[in-house]
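Just below is one structure, and these are the notes that go with it.
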Amino acid sequence: MAWFRRRPRSVGALGRPVDQADLEHLTQFFRSRRGVEGFIEPQTTVTETTLLLVAHDGEWTRRRIQSPEVARRFAQKLSMPIYDIKLLGYPQRMRDYNERRKRRPD
């Protein structure tokens, strides 16, 4: 039966390969905002490992990444602080940003 076949590590939960465009998006976000910190979100049964970037004002973006080790190397290359979301949780400024966006009239 093919139900329990393992997926290759380079393929995301939706069957898309993790590509350079994801890293480029994260790099552009980091360079265009100030106070950006990274948070590694672990792989789940539904999603691959992701890297969440949160700016000083709470604006955020998230992209799939191959592994926590790749996320750490990426952050080190940019001299960006990086944390494990399981240990610290989501930053309050991100929650505040989401609340402000909910209240904003469209």
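Throughout, read-outs are computed from the coordinates displayed, never taken from laboratory work. Since this is a predicted model, take the numbers as computed values, not measurements. Here Cβ is always computed from backbone atoms with ideal geometry, including for glycine, and neighbour counts include all displayed protein chains.
If I stretch the segment between LEU88 and ARG31 completely, what's the gain in nm (0.36 nm per residue apart, minus their alpha carbon distance), one decimal?
Computed gain between LEU88 and ARG31 is 18.1 nm.
Mind ranking 86-97, 22-33 by how tightly packed they are, going by the mean number of other C-beta atoms within 10 angstrom, highest first?
Answer by packing, highest mean first, reads 22-33, 86-97.
Relative to the present Cα-Cα distance, how much length would full extension add between ALA21 and SER67 at 0.36 nm per residue of separation?
Length gained, ALA21 through SER67: 15.0 nm.
How large, in Å, is the range 37-103 by the Kirkwood hydrodynamic radius built from its alpha-carbon pairs?
After inverting the mean inverse Cα-Cα distance, the result is 12.3 Å.
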